[in-house]
Structure formats: C-alpha cells, structure tokens
C-alpha cells in the first residue's frame, strides 16, 4: 500500500485529501492520502526522511515550500526557476525529487476550459508579484508567451521578478495599468484581492480587448469581481478552482502510477464541500 500526504502548518483546512481520495476510489487503488501537520522548524528534516514516515511522497503548502525546495535532492526546471516546491516524491532509487506544479495547474485549467486559449496571442499581464505569480510567469514563458507584463503596487517587487525571468518580462506600475491593458491577450490576477475576506480587486477593463482572456487564481468566491466585470463586457473568463484541481494531477501520477483526470464530478464535489458560489 502506497501512502502520500499534504503537509503544511496549519493543514486542517486543506481539501487535497478530498481530491486524491476521489481519484484513489475512482481508480480502485489501495493507497492513502492524509493531511499531515508539519511545523516549519521541523519541515526540512521531515521531508528528508519521508520513507521513515511511511510516505512515497507528499504535497507541500504554506509555509513549507522553501523548506521542501532545500530538502529535495533533485529539482525539475519549474522548481528551480520558481524557487519553491509543492510536490515531493521518492523515485525508484530512493532519491527525493521536487517539483512545483502550480504553473502546470494554471495551464491545465485554461486548456480544459478554453481549448486553444494560447492561440489568442502571446502578450499577458500578471497582477501581483508574490509566490503564485512566479509559477504563472514560468508557465506562460514555457508556453511561448513573448511579453509578460508584471503589475504590482510595489514596482520594485515587480522589477525584481522581471530581472529574475529575463527580457520577455516587463515590470509596470499599477498606476499605468490602464495603458498596458490594451496590449494584453491574457489578464491574470495572482493577488489575494477579491478573495473572501479581502478587499475587492477593482480595475477599469475598458481598454482591454474583448478577445482577451481573463482569469483569476482566487476560487473563493468562484466569481470574483474581476471575472464578473470581464463577463459583463464580453471577455472569455476562467475561475481559479481548476488550477487547484489540475496542480494535483502530477503528484498523484508520481505516487500511485496512474494519471488521473479532472472531471465535472470532481469539481462539483469540491464546490459543494467548500460551499463555493
């Protein structure tokens, strides 16, 4: 029996056991996936001894992604570039591998909901310069986007990210966002603005092309103010729940040897469980 877990501190709120439990049952796999509280001060040691804890791998969430990055013996390109790990697995030689699947989850969500979305153009605007934005910038560049504008209220943070990712990324001031919107084929919110309990994200979308895709990584609520405004003016839009579901796929495949699918039934189950609207 193969066992995996989601780890972090605190961890009781995680819906990952529901997602992986659904797939285990669907594929008739004898295995388990639990929530394991791992305080940051013991995280690196814990991840370095997964086998002793009876685990073949795990997901990693706040605040341990950098600790997992340090613990991994082998990192893929996404993890190296993003600088954080959310998925760990032991390979057949017992080597601890680390990946960051957030970017793949982002792409998988768009690919499923809006096939050919990336044929729309190759210029994107990413709102925010935190950890989530790093994964999404990596994903967009890997998909062939040639211009990725990073807008952040603190321009220095956006510039630091642009310097990290190279010449195809451009830092822009939040105050000049209206001018930049006219260039965009894709607009992505990676900030917590619009999330339940947070202030709304309010930007004027008038300059945005009506063919531009708008997506938000926030999934509570499912329809954020940004997505409502985009829909009102006819822009194709995608909510953030699919990113959560799709980022879980690569880990499950590594741990249990089967590539699962994100289905309407799974999404409906999570929406109901989380009380999303």
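Only the coordinates and a few stated rules stand behind these numbers; no lab work does. From a predicted model like this one, the values you see are computed outputs, not experimental measurements. Neighbour counts are summed over all protein chains in view; Cβ atoms, including those assigned to glycine, are modelled from backbone coordinates with ideal geometry.
Taking the alpha-carbon centroid of each part, what is the distance from the stretch 35-76 to the stretch 192-254 in angstrom?
Comparing the Cα centres of the stretch 35-76 and the stretch 192-254, I get a distance of 30 Å.
Taking the simple approach of a point 7 Å from Cα along Cα-to-Cβ for both residue 70 and residue 111, what is their distance in nm?
Spacing of the two 7 Å Cα→Cβ label points: 3.4 nm.
So for the stretch 104-241, Kirkwood radius off the Cα pairs, Stokes-Einstein at 4 °C and 1.567 mPa s: how many µm² s⁻¹?
The calculation lands on 89 µm²/s.
Tell me which label goes with the value of Cα extents along the principal axes in Å computed from the coordinates here: (i) 55, 39, 34; (ii) 58, 43, 27; (iii) 68, 47, 30.
(i)
Using Cα pairs closer than 8 Å and at least 6 residues apart in sequence, work out the relative contact order for the chain, in percent.
16 percent
Using the basic label-point model (7 angstrom from Cα toward the beta carbon), what is the residue 93 to residue 13 distance in nanometres?
It works out to 4.0 nm between the two label points.
When a/c reaches 1.5 or more, the comparison of a/b and b/c decides; with that in mind, is the stretch 149-213 rounded, prolate or oblate per its Cα gyration tensor? Before the final figure, lay out each step's value.
Working: a/c = 1.84, a/b = 1.14, b/c = 1.61.
Oblate shape, in that a/c is at least 1.5 and b/c is the bigger or equal ratio.
So what is the calculated 222 nm ellipticity per residue for the chain, using -39500 (n - 2.57) for each DSSP H run with n of 4 or more, over all residues, to the nearest 500 deg cm²/dmol?
-10500 deg cm²/dmol
Calculate the spin-label point distance for residue 52 paired with residue 228, positioning each point 7 Å from the Cα along the beta-carbon direction, and give it in nanometres.
Taking the two extended label points, one gets 5.2 nm.
For the residues 256, 165, what sequence is obtained by ranking on other C-beta atoms within 10 Å, fewest first?
Ranked by crowding around the Cβ, least crowded first: 165, 256.
Take every DSSP beta bridge whose two residues both sit in the chain, then give the antiparallel share in percent to the nearest 5.
Percentage antiparallel, nearest 5: 20.
What's the extension gain from residue 32 to residue 45 if we count 0.36 nm per residue and subtract their Cα-Cα distance?
That pair, residue 32 and residue 45, stretches by 2.5 nm at full extension.
Order of 188, 172, 95 from fewest to most other C-beta atoms within 10 Å?
95, 172, 188
Given 0.36 nm per residue, what is the gain on full extension from residue 77 to residue 200 after removing their alpha carbon distance, in nm?
40.9 nm
Gain in length, residue 277 to residue 153, computed as 0.36 nm per residue apart minus the alpha-carbon separation, to one decimal in nm?
41.8 nm
Calculate how many DSSP beta bridges within the stretch 66-213 are antiparallel, expressed in % of all such bridges and rounded to the nearest 5.
20 percent
Relative to the first principal axis of the alpha-carbon coordinates of the chain, what is the inclination of helix 131-142, with its axis defined by its Cα atoms, in degrees from 0 to 90 and to the nearest 10?
80 degrees
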